[in-house]
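Colleague: Following this message is one structure expressed as structure tokens.
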Amino acid sequence: MEKTQYKGIYAGKNAVRMEFMYRHQRCRETLRVKPTLDNLKRIHQKLERVKIMIQFGEFDYVKEFPESKQAFQLSDNKAAHMSIEQMMTRWYEQSYRHWAFSTEKANRGRMDNHVIPNFGKIIVDDFTPSTFREWQRTATISAKTVNEVHSLLSQGFDFLVYDDIIDQNPMKRVKRLKHQTKEVQPFSPEEREKILAALPEGYARDFYEFAFWTGLRTGEQMGLRWENVDLERQVIFIRESIVKGRKAGTKTAGSNRTHELSEQAEYVIKRIKAYENDSEFVFLDPRTLGRWKYDGIPRERFWTKALMKANVRYSKPYTCRHTYASTMLSNGANPMWVAHQLGHKDWGMIRKIYGRWISRAEESTGKS
């Protein structure tokens, strides 16, 4: 671009650039207009106005140059020019790589279904604790989901606090909803045996019998490799999981663990070993003799049908995990040991979810 008769203004064929100093930094802003005399005069007037506003401390970069790439960074009030959607997108992009695959999918769903539709268009500066409280009051979703939305927004606002864009997180002044945790309903020993009897022999029955006697998460069991089975020590090493068809790490750091095999679980492993399949994975799809691709396949193909055939109330396969935990606790197992077996970092969740089975075990011990 070439100089014009106006200082700080340069003209090209179809654009005009103005230059000015702001915060000891040379700023260049290009306007996509033809450099006619009239346009140059108007741009000169704008430049003079910008300089006066800078001198009197009244210049708002984003307001004057909303399309500028550097406007946001040089704005005195970034929160006034950022939407909740932009805030959450920036936070998400800088955070999701540190999450487990399942956590990323869950958070993405909450963002798309609740956070963005309900709050996305609100400007950060206009968001107050009452904004969320009003939505919280009228939301037709569960208290648990409301609290999950609360948590995501709070993390997004913390992101701005750490970057000195806002002084405080408005979500810190919003109480989370109380919600009653549903008591788990494990299968009884009789129900467990009926279900196993209704499953076809082979890999399908092996899969769920092992689940009943280890309490592994479905993804952990699908990802179990022979290299992580030690029958001499009667243990397995939980090192990976299959989540939505993809290999992933375990759910949490505590989930990466050594699991002691019960007599029943060890028997299942030995039975599978006798099949002499050369797959690296322990549990295989009987149709393909390859590892299970998705957790929905064994559930839909075998689990649901088995419960109907056994005339047992329907419950998700995750109930195998509850059945294992309640069985171990009822038999007097140490709650901390059960927590480790399940992949919890401490026994707080065990106490919260399976408290009544701990009490039964204590009562039984007391009577004896």
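Colleague: Taking the stretch 279-335 as the region of interest, what is the percent of Cα-Cα pairs per 5 angstrom bin, listed from the shortest bin to the one with the maximum distance?
Modeller: Pair shares across the bins are 4, 16, 18, 17, 18, 15, 10, 3, 0.
Colleague: Would you please state the base-10 log of I(q)/I(0) at q = 0.09, 0.18 1/Å for the stretch 189-367, with intensities from the Debye formula using one equal scatterer on every alpha carbon?
Modeller: -0.31, -1.25
Colleague: A follow-up question, please. Taking Cα atoms, how many degrees apart are the long axis of helix 203-214 and the longest axis of the chain, rounded to 10 and kept between 0 and 90?
Modeller: 90
Colleague: Which residues make up the longest stretch of the chain that has no GluC sites (Glu not before Pro) in a DSSP loop with at most 16 other Cβ atoms within 10 Å?
Modeller: Between exposed loop sites, the widest span is 68-182.
Colleague: Give me, ordered by chain and number, the residues 5 or more places off Y22 or on other chains with an amide H under 5 Å from its own placed amide H.
Modeller: When sequence neighbours closer than 5 places are left aside, the close amide H contacts are C27.
Colleague: May I pose another question? From the list [x] 21.2, 68; [y] 19.8, 63; [z] 30.5, 102, can you say which value of Rg and Dmax of the Cα atoms in Å was derived from the structure given?
Modeller: The calculated read-out lines up with [z].
Colleague: A further question follows. What percent do you get for the relative contact order of the chain when only Cα pairs under 8 Å and 6+ apart count?
Modeller: With pairs under 8 Å counted, the relative contact order is 12 percent.
Colleague: Quick one: 3J(HN,Hα) in Hz for the stretch 319-336, Karplus 6.51/-1.76/1.60 with θ = phi - 60°, rounded, Gly and Pro as x.
Modeller: For the stretch 319-336, the Karplus curve yields 5, 4, 5, 5, 5, 4, 4, 5, 5, 4, 5, 5, 7, x, 5, 5, x, 5 Hz.
Colleague: May I ask you to list the trypsin sites (Lys or Arg not before Pro) in the stretch 84-156 that are in a DSSP loop and have at most 12 other Cβ atoms within 10 Å of their Cβ?
Modeller: Answer in residue order: K121.
Colleague: Mind giving me the FRET efficiency for I141 and K51? R0 is 56 Å, r the Cβ-Cβ distance, nearest 0.05 is fine.
Modeller: Step by step, r from the Cβ atoms, then E = 0.60.
Colleague: Please report how far the C-alpha centroid of the stretch 287-321 lies from that of the stretch 1-79, rounded to the nearest whole angstrom.
Modeller: 65
Colleague: May I ask you to derive the relative contact order of the stretch 189-367, considering only C-alpha pairs under 8 Å and at least 6 residues apart, and to give it as an integer percent?
Modeller: 26
Colleague: Measure nothing fancy, just the Cα-based angle from helix 263-273's long axis to the longest principal axis of the chain, in degrees from 0 to 90, nearest 10.
Modeller: 80
Colleague: Counting only C-alpha contacts under 8 Å and six or more residues apart, can you give the relative contact order of the stretch 2-76 as a whole percent?
Modeller: In percent, rounded to a whole number, it is 20.
Colleague: Using the 10 angstrom Cβ neighbour count as an exposure proxy, how do Y92, Y275 rank, fewest first?
Modeller: Lowest to highest Cβ neighbour count: Y275, Y92.
Colleague: Whole-Hz Karplus ³J(HN,Hα) for the stretch 41-55, in order, using 6.51 cos²θ - 1.76 cosθ + 1.60 and θ = phi - 60°, x for Gly and Pro?
Modeller: 5, 5, 5, 4, 4, 5, 4, 5, 5, 4, 5, 5, 5, 5, 4
Colleague: For the stretch 81-173, what does the alpha-carbon gyration tensor say about shape, rounded, prolate or oblate, given a ≥ b ≥ c as the root eigenvalues, a/c under 1.5 as rounded, and a/b over b/c as prolate?
Modeller: It comes out oblate by the Cα gyration axes.
Colleague: Show the residues, 5+ positions off or on another chain, whose built amide H is closer than 5 Å to the amide H of V235.
Modeller: Residues meeting the amide H criterion: D230, L261.
Colleague: Checking the a/c ratio against 1.5 first, then a/b against b/c, what shape does the Cα gyration tensor give for the stretch 2-76?
Modeller: In terms of gyration-tensor shape, prolate.
Colleague: Is any residue of the stretch 131-146 close enough, with backbone N under 11 Å, to a label point placed 7 angstrom from the Cα of H179 along the Cα-Cβ axis, and if so, which?
Modeller: Hits in the stretch 131-146 for H179 at 11 Å: 141-146.
Colleague: With angles folded into 0 to 90 degrees, how steeply does helix 143-162 sit against the dominant principal axis of the chain? Use alpha carbons for both and round to 10.
Modeller: The two axes meet at around 40 degrees.
None of the figures in this text is laboratory data; all of them are computed from the coordinates on show. Everything numeric here is computed off the predicted structure, so don't read it as measured data. Quick reminder, even Gly has a Cβ in these numbers, built from the backbone with ideal geometry, and neighbours come from all protein chains shown.
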